[in-house]
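A.B. asks: I'd like to ask you about the structure that follows.
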Amino acid sequence: MSIELKYFNVTVNDPIESISFYRDALGLEVRNDVASGGFHWITLGSASQPGVEIVLSEPHAGRSQADGDALQELLTKGSLPIMVFRTDDLDVTYERVLATGAEVLQEPIDQPWGPRDCAFRDPSGNTVRISQADTV
């Protein structure tokens, strides 16, 4: 038996607004753009991981009003789980994301527990960390 990650959902206020960060700043490619039932979601992925997609969707998409409201509250507070991406050149990636005007949470640094990384906020306030790939 094998198991692989296929989709990872990222809750955003507006998928269209978030495209500028995930596509233009991080360099992910748009794979699907769907509007259905008054909601909109977009899937993106990396050419280096063709089987994995990130789904950008609104808090209320596919959820009850109460669950959507609770998720919106967590999104507003910045309390949703962080995402960590890996790159082969952190400094170049940092400069590319910075040039798009993304909010910087942490410039590239060597962490005491090992990785060299940086952090940004996406347009909805989600924390996105970017880590230097191991060079071993």
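A.B. asks: What FRET efficiency comes out for the pair V104/L74, r = Cβ-Cβ distance, R0 = 22 Å, nearest 0.05? Intermediate values should be presented prior to the final figure.
C.D. replies: Numbers: r = 22 Å, r/R0 = 1.02.
Between V104 and L74 the formula returns 0.45.
A.B. asks: Label H60 and F39 with points 7 Å out from Cα along Cα→Cβ: what is the distance between them in nm?
C.D. replies: 1.1 nm
A.B. asks: Next question, about the same structure. Figure the gain on full extension for I82 and S20 (residue separation times 0.36 nm, minus the Cα-Cα span) and round it to one decimal in nm.
C.D. replies: Details: separation 62, 0.36 × 62 = 22.32 nm, distance 1.84 nm.
Contour length minus Cα-Cα distance gives 20.5 nm.
A.B. asks: What ³J(HN,Hα) values, in whole Hz, does the Karplus curve 6.51 cos²θ - 1.76 cosθ + 1.60 give for the range 8-24 when θ = phi - 60°, with x put for Gly and Pro?
C.D. replies: 10, 8, 10, 7, 9, 5, 8, x, 5, 4, 6, 4, 4, 7, 6, 8, 6
A.B. asks: Percent relative contact order of the chain, based on C-alpha pairs within less than 8 angstrom and at least six residues apart? Please list the in-between numbers first.
C.D. replies: Working: 239 pairs, mean separation 31.8, N = 136.
Worked out over the chain, it gives 23 percent.
A.B. asks: Another one. What is the angle, in °, between the Cα long axis of helix 90-99 and the longest principal axis of the Cα atoms in the chain? Nearest 10 is fine, range 0 to 90.
C.D. replies: In the chain, helix 90-99 runs at an angle near 50 degrees to the longest axis.
A.B. asks: So how tilted is helix 65-77 from the main axis of the chain? Cα-based, degrees 0 to 90, rounded to 10.
C.D. replies: The two axes meet at around 30 degrees.
A.B. asks: Moving to a separate point now. Report, for the range 7-132, the % of DSSP beta bridges that are antiparallel, rounded to 5. Intermediate results must be reported in sequence, preceding the final value.
C.D. replies: Details: 21 of 31 bridges.
If I count the DSSP bridges inside the range 7-132, around 70 percent turn out antiparallel.
Throughout, read-outs are computed from the coordinates displayed, never taken from laboratory work. Given the structure is predicted, the values throughout are model-derived calculations rather than measurements. Using ideal geometry, Cβ is built from the backbone for each residue, glycine included, and neighbour counts are taken over all protein chains shown.
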